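To start, the structure under review is shown below, and the notes come after it.
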Amino acid sequence: MLVDLGALVHNATALAERAGVPLIPMVKADAYGLGAVEVTKALEKLSPLAYGVATVEEGRELRNAGITRDIIVFTPLLPDDFSGARELELTPSLGSANEIEAWKIYGSPYYLSIDTGMHRAGLPWREVATVAPLLKSFPPIGAYTHFHSAELDDDTMSEQVERFEAALQLLPAIPAILHTDNSAAIVRHDRSTRSAIRPGIFMYGVGSGEAAALDPRPVVHLQTRIVEIRTVEKGDTVSYDATWMAERKSRIATIPLGYADGYPRNASSGGYGVVRDEAVKIAGRVTMDMTMLDVTDVPAEIGDVVTMIGNAAYSEAPIDVASVARLADMSPYELLTGLRSRIERIYTIEEDE
């Protein structure tokens with residue numbers, strides 16, 4: 001799998017320029033499956049305000065790699081995790097009086113997570129006043145909320161903004177650092193009015209549809225090589241359940257890539273690969289370790305490179321991350337984070353002049 005770090009930095013830079021405020025890049029889940037250490041080191045040149053992770057262990061990985069910048073843990077932590085977070089100088093997100101009281105003994109910075117409608121984590125916006133005395137004695141360095149539907153053309157984001165603003169007015173003092181905008185909010189709406197933005201999926205090459213003001217460059221190129229080619233006769237079937245039957249004498253290529261590597265099994269029907277700049281269809285079910293392709297009309301040979309996820313400009317085949325995810329009836333987040341560690345990551349660093 002080729003990971004274009006130059007494209008990633010380009011995408012992050014475009015977001016920062018549009019928003020006009022610093023970045024808090026989300027590098028949780030191993031940077032959406034692309035390698036948190038390499039991704040974070042590439043983004044360091046942009047001087048982000050902080051990095052976002054989901055667990056203490058993710059923060060530990062970055063600290064061990066030499067990252068000294070602020071690291072925010074966005075998933076709620078249990079009290080048992082607090083000592084580890086403090087030892088690593090991570091900044092937790094706290095969303096209840098009990099959490100704030102438990103962290104208070106460390107006297108370290110924290111962010112106040114305010115739930116404005118996601119109903120997943122954070123202090124409900126309706127309850128902010130109940131913790132005001134505690135926040136006065138132990139104020140957060142920042143506060144944020146999370147939009148649940150920034151990609152949709154409805155009024156929910158505006159509603160959440162109003163709730164967040166109302167919640168801020170109930171605080172003893174408004175923190176210096178505020179952030180709300182994820183990738184979709186940045187590219188589909190006006191410039192940010194907050195202290196920072198929290199980009200995620202856009203940096204990794206997935207856009208937010210036709211209404212978006214920016215389109216990202218592709219970052220992920222999932223490639224492998226043909227390891228076997230065989231000829232099948234008309235009427236022969238390929239792969240499990242015999243769902244694909246040759247309508248003519250055909251050449252079938254096998255690649256060592258399957259759903260155990262993260263390529264979705266549900267992309268079997270209608271999925272494509274690209275060989276020698278030509279689109280070839282998947283033949284039969286994607287299996288655990290191998291996938292078969294119909295290369296009858298392409299002069300493919302053993303050893304040829306096959307791109308299964310990558311730049312849509314390779315050909316007319318819809319093989320960009322969003323298209324493959326749509327074909328497999330899954331989100332692009334799920335597809336990216338599902339690319340398994342047994343796939344070798346090769347990083348490229350070409351950047352704009």
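Read the figures in this text as sums done on the coordinates, not as results from a lab. Quantities reported herein were computed from a predicted structural model and do not represent experimental measurements. Note: ideal-geometry Cβ built from the backbone for every residue, glycine included; neighbour counts use all protein chains shown.
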Placing unit charges on C-beta atoms (Lys and Arg positive, Asp and Glu negative, everything else neutral), compute the dipole magnitude of segment 2-188 about its Cα centre in debye, rounded to 20. 460
Using a Cα-Cα cut-off of under 18 Å, which lysines could be cross-linked to Lys249, ignoring same-chain neighbours fewer than 8 residues away? Lys234, Lys281
Under 5 Å between amide hydrogens, which residues at least 5 positions from Ile71 or on another chain qualify, with H placed 1.01 Å from N in the peptide plane? Tyr51, Thr91
As straight-line cross-link partners of Lys136, the qualifying lysines (C-alpha separation under 21 Å, not fewer than 8 residues apart within one chain) are Lys104
Taking 0.36 nm per residue of separation between Ala102 and Phe138 and subtracting their Cα-Cα distance, the length gained on full extension comes to 11.8 nm
Which aspartates and glutamates have a Cα less than 18 Å from the Cα of Lys45, not counting those fewer than 8 places away in the same chain? Asp4, Glu17, Asp70, Glu350, Glu351, Asp352, Glu353
Mean-square fluctuation maximum in Gaussian network of the chain, Cα pairs under 10 Å, restricted to Thr116, Thr224, Thr130, hits Thr130
Placing +1 at every Lys and Arg Cβ and -1 at every Asp and Glu Cβ, with all other atoms neutral, what dipole size does the chain have around its Cα centre, in debye to the nearest 20? 460
Check: segment 220-348 dipole with +1 on Lys, Arg Cβ and -1 on Asp, Glu Cβ, in debye: 160
The residues His148, His119, sorted from fewest to most surrounding Cβ atoms within 10 Å, come out as His119, His148
Top positive-direction residue, dipole computed over the chain with Cβ charges, set Pro124, Ala279, Ser195: Pro124
Using a Förster radius of 41 Å, what is the FRET efficiency between Ala54 and Arg276 based on their Cβ-Cβ separation? Nearest 0.05, please. 0.50
Which loop trypsin sites (Lys or Arg not before Pro) in segment 150-219, with loop taken from DSSP, have no more than 15 other Cβ atoms within 10 angstrom of their Cβ? Arg191
